[in-house]
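Only one structure is covered here, and it is reproduced in the block below.
Please treat every number below as a calculation from the coordinates, not as lab data. Since the model is a prediction, treat every value here as computed from it, not as a measurement. Reconstructed Cβ throughout: ideal geometry from the backbone, glycine too, with neighbour counts over all protein chains shown.
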Amino acid sequence: MTSSSTGTAALVEVAHERWDPLLERIGCGDAYLLRGSVESACLLEPGRPLLLHLSEEGGEVVFALILREIEGESGRRDAITPYGYGGPVGAGPEPPIEHFYELYESWCRSAGVVSTFIRFHPLFANQRQAQAGIHVERSCSEFPEYPQLWGPFVSGLSILDLLFNCGPMSRAYLEKSRRVV
């Protein structure tokens, strides 16, 4: 287990058996963060599933990722978020996001991680909390909105969302979005 700390706060790797219970306890039981989801993502992106956790007085931050060895580079690794959505997710009244990123940098150095690729979660909008120096880029251009049943339009969801909300009209949406992009 690798950890990084400053003062009394520490960024720690969560033990496998504590992963899902921790997420449930802090209210972050999103399917894409659960251990089984990250393990299944390792079938597409071979590596070691990890959950990093920072707990401080004002809140907590968790970050599910896949740690991969870089072929031909002994001791060097990269970290990626699993297929789906991820990125550091805060919980509590004042999650220590800024402190998380500081500790994450130290953790990367000690773990031999030379790069991180994050797919942020559109519902958590956690890309807004990314610290300076993290290049955030939208993976899609402007896609037209479509009617969603539960409130304001949320972009970047699964194709299933489009199908469940628009049914047979989904094809017309896809053709229209191809012209926009």
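Which one of 172, 37, 153 has its Cα pushed farthest toward the positive end of the charge dipole of the chain, where Lys and Arg give +1 and Asp and Glu give -1 at the Cβ?
The residue sitting farthest along the positive end of the dipole is 172.
Could you give the size of the charge dipole of the chain about its Cα centre, using +1 on the Cβ of each K and R and -1 on the Cβ of each D and E, expressed in debye and rounded to the nearest 20?
It works out to roughly 600 debye.
I need the trypsin sites (Lys or Arg not before Pro) found in the stretch 46-136, filtered to DSSP loop residues with at most 15 other beta carbons within 10 Å of theirs.
Listed in order of number, the matching sites are 76.
To test your reading of the geometry: what angle, between 0 and 90 degrees and rounded to tens, separates the Cα axis of helix 170-180 from the longest principal axis of the chain?
Rounded to the nearest ten degrees, it is 80.
Tell me whether the stretch 29-70 comes out rounded, prolate or oblate; compute the Cα gyration tensor, take square roots of the eigenvalues as a ≥ b ≥ c, and use a/c under 1.5 as the rounded threshold.
Because a/c hits 1.5 or more and a/b fails to exceed b/c, the stretch 29-70 counts as oblate.
What distance in nm separates the simple spin-label points at residue 174 and residue 128, each placed 7 Å from Cα in the Cβ direction?
It works out to 3.1 nm between the two label points.
Grab the Cα-Cα distance for residue 57 and residue 39, subtract it from 0.36 nm times how many residues apart they are, and report the gain in nm with one decimal.
Result: 3.5 nm gained on full extension.
On a full-extension model of 0.36 nm per residue, what is the gain between residue 71 and residue 135, subtracting their alpha-carbon distance, rounded to one decimal in nm?
20.6 nm
Can you give the extra length, in nm with one decimal, that the chain gains between residue 117 and residue 157 once fully stretched, where that is 0.36 nm per residue apart less the Cα-Cα distance?
12.5 nm
Could you compute the net charge surrounding residue 19? Neighbours are other residues with a C-beta less than 15 Å from the C-beta of residue 19; K and R count +1, D and E count -1.
Here the count lands on -3.
Using a/c under 1.5 as the rounded threshold, could you call the stretch 3-138 rounded, prolate or oblate? The axes a ≥ b ≥ c are square roots of the C-alpha gyration tensor eigenvalues, and prolate needs a/b larger than b/c, oblate otherwise.
Because its axes are fairly even, with a/c under 1.5, the stretch 3-138 counts as rounded.
Taking only DSSP H segments of four or more residues, each worth -39500 (n - 2.57), what value at 222 nm results for the chain once the sum is divided by all its residues, to the nearest 500 deg cm²/dmol?
Rounded to the nearest 500, the figure is -7500 deg cm²/dmol.
Provide the FRET efficiency to the nearest 0.05 for the residue 164-residue 105 pair, computing r from the beta carbons and using R0 = 41 Å.
The formula returns an efficiency of 0.55 here.
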